[in-house]
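What follows is a set of notes on a single structure, which appears directly below.
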Amino acid sequence: MKSSSHLRYKQQQFGFSLLTIMTFLTIIPIAGVVIYILVLGTPAISWEFIFGFPRGGMREGGIWPAIVGTFYLTLGTAAFAVPIGIGAAIYLSEYAPDNKATRLIRIAIINLAGIPSVVYGLFGLGLFVLFLQFGTSILAGSLTLSIMTLPVIISTTEEALKSVPQAFRTVSISVGATKWQTIRKIILPQALPGILTGVILGLERAAGETAPILFTVAAFFLPRLPSSPLDATMALPYHLFVISTQVPGMPIKIQYGTALVLLVFVLSMNIIATTIRSRARARRQW
Amino acid sequence: MERSHYEISLWKFLPIKSLSFSDPPGGGKSSLLRVLNRLNDLADVTHQEGKVLLDGEDILSLKTDVIALRRKVGMVFARPVVLPFSIRENLTYGLEVAGEKDSDRINGSVENSLQQAALWDEVKDRLDDPAIALSGGQQQRLCLARVLALEPEVILLDEPTSGLDPISTGKVEESLQGLKQDYTIILVPHSVQQAARTADLAAFLLQGEMVEVASGDTMFTNPRDQRTQDYVQGRFG
């Protein structure tokens, strides 16, 4: 009797240890990537590297045009994807009848999220660059990135709307509010932190993508800032790809310096999203 | 959803101060209540026939202004649901969505409705606190006050005390007694005893059928129908 319970105790110990090891295993690559890039990239960081233009076949100077380009692309993506995504999510969560058509739309959105990003790039090239004649431009790139980001924004927004208690809706309707008033005055404000988190996470992904901008916006070497939405631009992820594979004799610290800037750009968006979420959780009244 | 038939003319009840429905669980009282302010519109009720007359108008008609109806027929739910606002905003929400701009009227209704719901003294110094900070019993009285702020004609209460302790239940019932003077109250009681304590007129529903409607006194002492008698005496339900 005693030995059997002893055995089970040992088994449990073993199970816990195994799970702990697995958890640490997941941390190792994350920590590894961050430390590696920090160590190799930090020496490159200087005033000139951030705010300067590339010189000497991109082997010297800075990456300012790529930073600005990625910033514009993120803004452009937000301009298209945020209103459309949130609007669609509100419709799906609050208005759409539960029928075949709605289910079909949902399946389409889920599958949209599974399409490889390079396919979006090709699609953007065909539709925006060539057919609509936007050329390789920030406009074409933002639209392509928007399509890729939409599923993330729609599904996280829907999730955020659904997490607002049903009872609020019933009560609001029962005191004579319309559905639209209920959404505007109760549901949206309560879901806003969740929506923002989803939006930022979606945009963060867009900011870091290379394939969709490859054919639609990114310039190999364009040492000036874009002047209009129809201008091409350099962008951080594509610039990193170029200097890592296409330019011989590239100093390694410039490569990792660029990676570090991209990482900081994306991680700071991530931190903002996490902060919004945890603050909202603390304040939430339900 | 099961098909149920009810024949009720609310105007007939208007001279009567309060009506209680009573039935074993699943009898259809909550569904009936939700017919009366068209909250069933939200559920996917596929079939509904018959008439519900309020002030001589059939509220189930397609022509009914549902928004206006819900202001006239307020509802308090079984579980207190305060909106994620302050105490004051919970009370002004209904007026605000109705487009009321007169701030004197809005402020007046805050105090008035809280007085009527016997909550004023407990919250008058903290009207801008989050409503969720109130106790369960206070929240339920706030829900009642929220309905009262709209100055309805009829108040529907769906087991409003089922989640409350006896003291809070007493306070809610007490404020209901006062409200009988000015409003038609339709209450789904949470026990036979509560029905007997509060009802001027009582109705007994069984599996969607309205078995008996009688004055409160008759219903609980000398019911006509055998099934009512069995229920009132606690043989089932």
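The values are calculated or read from the model by the stated rules, or taken from the named source; none is laboratory data. Predicted, not measured: the structure shown is a model, and the values here were computed from it. Here the Cβ is made from the backbone with ideal geometry for all residues, glycine too, and neighbour counts use every protein chain on show. When the accessible area is computed, the model is the full protein with side chains, heavy atoms only, and any ligands, DNA or RNA have been set aside. Shrake-Rupley method; radii C 1.70, N 1.55, O 1.52, S 1.80 Å.
Just one of A:170, A:197 is over 23 Å from residue B:143 (Cβ atoms) and polar (S, T, N, Q); which is it?
A:197
Just give me the residues in segment A:97-133 being surrounded by 16 or more Cβ atoms within 10 Å (Cβ to Cβ) and small (Gly, Ala, Ser), in sequence order.
A:117, A:121, A:124
For segment B:110-133, how many residues meet the condition of being open to solvent by 10 Å² or more (accessible area, probe 1.4 Å), touching a residue at least 24 places away in the same chain (Cβ under 8 Å) and more than 18 Å from the chain's Cα centre (by Cα)?
Looking only at segment B:110-133, we keep the residues that are open to solvent by 10 Å² or more (accessible area, probe 1.4 Å), and these are B:111-112, B:115-116, B:118, B:120-122, B:124-130, B:132-133.
With touching a residue at least 24 places away in the same chain (Cβ under 8 Å) added as a condition, the list becomes B:112, B:116, B:118, B:126-130, B:132.
Among the residues that remain, those that are also more than 18 Å from the chain's Cα centre (by Cα) are: B:112, B:126-130, B:132.
Qualifying residue count, segment B:110-133: 7.
Listed here are the residues, each with its yes/no results for (1) surrounded by 11 or more Cβ atoms within 10 Å (Cβ to Cβ); (2) out of contact with any strand residue (DSSP E or B) (no Cβ under 8 Å at 6 or more places or on another chain); (3) closer than 30 Å to residue A:103 by Cβ.
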position	(1), (2), (3)
A:17	no, yes, no
A:30	no, yes, no
A:37	yes, yes, no
A:51	yes, yes, no
A:60	yes, no, no
A:90	yes, yes, yes
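Checking residue B:5 against (1) open to solvent by less than 30 Å² (accessible area, probe 1.4 Å); (2) at pLDDT below 80; (3) in contact with a Gly (Cβ under 7 Å, 6 or more places away or on another chain): exactly one of these is not met. Which one?
Here residue B:5 meets the rest and fails (1).
Consider only pairs whose beta carbons are under 6 Å apart and that are at least six residues apart or on different chains; among these, list those whose first residue lies in segment A:99-121 and is without any contact (Cβ under 8 Å) to a residue 60 or more places away in the chain and whose second residue is part of a helix (DSSP H, G or I) and surrounded by 10 or more Cβ atoms within 10 Å (Cβ to Cβ).
A:109/A:151; A:109/A:154; A:112/A:151; A:113/A:151
What residue, of A:34, A:68, is closer than 30 Å to residue A:221 by Cβ and out of contact with any helix residue (DSSP H, G or I) (no Cβ under 8 Å at 6 or more places or on another chain)?
Values: A:34 fails: out of contact with any helix residue (DSSP H, G or I) (no Cβ under 8 Å at 6 or more places or on another chain).
Among A:34, A:68, only A:68 is closer than 30 Å to residue A:221 by Cβ and out of contact with any helix residue (DSSP H, G or I) (no Cβ under 8 Å at 6 or more places or on another chain).
Looking at segment A:144-153, can you tell me whether even one residue there is at negative phi, in a helix (DSSP H, G or I), at pLDDT below 90 and crowded, with 16+ Cβ neighbours inside 10 Å?
At the first step, the residues of segment A:144-153 found to be at negative phi are A:144-153.
Then keep just the ones that are in a helix (DSSP H, G or I); that gives A:144-153.
Right, trim to at pLDDT below 90 and you get none.
No, that holds for no residue.
How many residues does segment A:161-184 hold that are open to solvent by 30 Å² or more (accessible area, probe 1.4 Å), part of a loop (DSSP other than H, G, I, E, B) and within 7 Å of chain B (Cβ to nearest Cβ)?
1
When segment A:254-286 is examined, which residues are found to be among the charged types (D, E, K, R), away from chain B (no Cβ under 14 Å) and exposed (fewer than 13 other Cβ atoms within 10 Å of the Cβ)?
Of the residues in segment A:254-286, the ones among the charged types (D, E, K, R) are A:277, A:279, A:281, A:283-284.
Applying the additional criterion that residues be away from chain B (no Cβ under 14 Å) yields A:277, A:279.
Residue satisfying the conditions is A:279 alone.
Could you grab me the full set of residues in segment B:79-102 that are more than 7 Å from chain A (Cβ to nearest Cβ), over 15 Å from residue B:151 (Cβ atoms) and surrounded by 17 or more Cβ atoms within 10 Å (Cβ to Cβ)?
Those that are more than 7 Å from chain A (Cβ to nearest Cβ), over 15 Å from residue B:151 (Cβ atoms) and surrounded by 17 or more Cβ atoms within 10 Å (Cβ to Cβ): B:80, B:82, B:85, B:86, B:87, B:88, B:89, B:90.
Taking residue B:220 as meeting all but one of (1) more than 27 Å from residue B:179 (Cβ to Cβ); (2) touching a helix residue (DSSP H, G or I) at 6+ places or on another chain (Cβ under 9 Å), write down the number of the exception.
Condition (1) is where residue B:220 drops out.
Against the condition open to solvent by 60 Å² or more (accessible area, probe 1.4 Å) and in contact with a Lys or Arg (Cβ under 9 Å, 6 or more places away or on another chain), how does residue B:174 come out, does it pass?
no
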